[in-house]
Amino acid sequence: MGASRTYVAKPWRREVYLQAAGYPHPILGHEIMHVLAGAFARGPFKVAGRLGGWLPDPGLIEGIAVAGSPKEGEDLSPRGWAKAMKDLGILPPLSRLFALGFLAENSSTAYTVSGAFVDHVRATYGAAAVRAWYGGQPLPEITGAPWAAMERAWHADLDALSLPDAARAQAKARFDRPAVFERRCPHVVDACTQKAEQLRARGDHEGAIAEYRRVLSLDQSPATRVAIAETRLAGDAPSSRSEGVRELEGIAGDGSIPRHLRDRAAERLGDVALAAGDRERAVTWYREVTGRLVDEDRLRTLDVKIAAANDDRARAAIVELLIGTRGGAPDRLRAAELLGAWAAQAPGDGLPSYLLGRQYLNDGRFDEAADRLERALAAHLPIQRVWIEAERLRLVVACGLDDAETARRMFAQYAAHDGASGAGPAVSEERRDAALRLLERCARPTSPAASSGPPAGQK
């Protein structure tokens, strides 16, 4: 399409328009759900809404896509996030979501909560009720209950969930933001932020800081203060880096700043210490953050950084891969060299092979990824989160290679991490379900017509 990060479904044409992304595509399922939902919608555009879809209901349109194709890799379902928002007092009323008021909400909030409620309707009243609702029949007529009663029942269902404090902290960071209509000069602020990021990427750190300061003059968001400090860290002058560290330390210790931004500052301070070889300080900062996270991806990254602090060979490769030494940007090429040397010098350590396998998967080189992940799983992987993720990635790669047998085997191993033994982290229900959906797509029985397609790995 030419529009960056824009994805569009046209149910009336049974078409979706996507930006290219790695496999599995993060948005394809969502957009396909819009087309599938069009099969039971009315009107020329095949979307939910009054007057045959001429007055669209964006809450139902997006809610059915979120419910029908949850994000893969999420540690909480839309229901879990909605529960966290309710606990925080930021859960919007349904009357605002299933109307044009949807557009006045923060987009992350609106999509997630709408998806959670649509899934609640499906679980309570059945899929046929959702189809009829999407087709234009008022929901109270379908369920026999007024909106207020359905909302109370939904809230009671959310109250039955139990969440850790870390989930609420992440929900506040993710959802407690104003909608675009409630922000001051949002277009100017966003344009300045984008220009600052572009200048920083080109190495013009002073120019980037000037743009960030213009943002601060309009919007006193602490996130911009963090961005300025991080930009100073990328500067060449020692005085600039020292000032960046002081600013991050001030942010990390300021109780008036939202917890997630203080944690971001703390992790960056850990990165600075790790790059400088200050093991003790790096680990202290990283452990400061880990207790307030439910995001397994971030926790796994922190586990890897902590492990690297105690091994000089690992530290050099991890710093180059995840943190960077030249202008604050990671160098994947240099990191690959260091990872390869580390793997050759320590054949019994599976971590460098895992990290290389992940890079090959990101590049779509499934054969190479499969080889490195097999090496990692056959070696020693002392970080359990890495071991679990290596099994999941091997499942993804097997699906990419049409290797259904390996995909089934890896899913069985991955799903076995259910926490029943009480030893170490477990695979959440949301991640296990996402892996099962992938397995069902790639390990389906092959028809005679399908078997005459291209060889595995050449699609």
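The values are calculated or read from the model by the stated rules, or taken from the named source; none is laboratory data. Owing to the predicted nature of the structure, the values given are computational and were not obtained by experimental measurement. Positions of Cβ are generated from backbone atoms using ideal geometry, with glycine treated the same way; all protein chains shown enter the neighbour counts.
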Segment 77-106, subset at pLDDT below 90 and under 21 Å from the mean Cα position of the chain (by Cα), residue nearest to ASP433 (Cα to Cα): ASN106
Matching residues, segment 230-259, being within 19 Å of LEU299 (Cα to Cα) and either assigned by TED's automatic domain parsing to the domain that holds ASP176 or buried (at least 20 other Cβ atoms within 10 Å of the Cβ) (or both): ALA252
Criterion (aliphatic (A, V, I, L, M) and at pLDDT below 95) met by exactly one of ALA379, ALA426: ALA426
Among the residues listed as ALA329, ALA370, the single one being assigned by TED's automatic domain parsing to the domain that holds LEU401 and on the phi < 0 side of the Ramachandran plot: ALA370
Selection from segment 246-262 of residues that are among the aliphatic types (A, V, I, L, M) and over 17 Å from THR284 (Cα atoms): ILE257, LEU261
Cross-chain or 6+ apart pairs with Cβ under 8 Å, segment 59-75 first and in contact (Cβ under 8 Å) with a residue 40 or more places away in the chain and over 17 Å from ARG96 (Cα atoms), then assigned to a helix (DSSP H, G or I) and of a type in the set (Ser, Thr, Tyr): VAL66/TYR111; VAL66/THR112; VAL66/SER114
Pairs, first over 14 Å from ASP371 (Cα atoms) in segment 343-355, second assigned to a helix (DSSP H, G or I), C-beta under 6 Å, six or more apart: none
Complete set of residues in segment 319-360 that are in a helix (DSSP H, G or I) and of a type in the set (Gly, Ala, Ser): ALA335, ALA336, GLY340, ALA341, ALA343, ALA344, SER353, GLY357
Extreme residue, farthest from VAL396 (Cα to Cα), among residues of segment 2-28 that are of a type in the set (D, E, K, R) and modelled with pLDDT of 90 or more: ARG13
First in segment 194-205 and on the phi < 0 side of the Ramachandran plot and surrounded by fewer than 17 Cβ atoms within 10 Å (Cβ to Cβ), second anywhere and part of a helix (DSSP H, G or I) and of a type in the set (S, T, N, Q), Cβ under 9 Å, 6 or more apart: ASP204/GLN198
Test: residue in segment 49-61 that is of a type in the set (Val, Ile, Thr), surrounded by fewer than 19 Cβ atoms within 10 Å (Cβ to Cβ), closer than 23 Å to ALA434 by Cα and not assigned by TED's automatic domain parsing to the domain that holds SER428: no
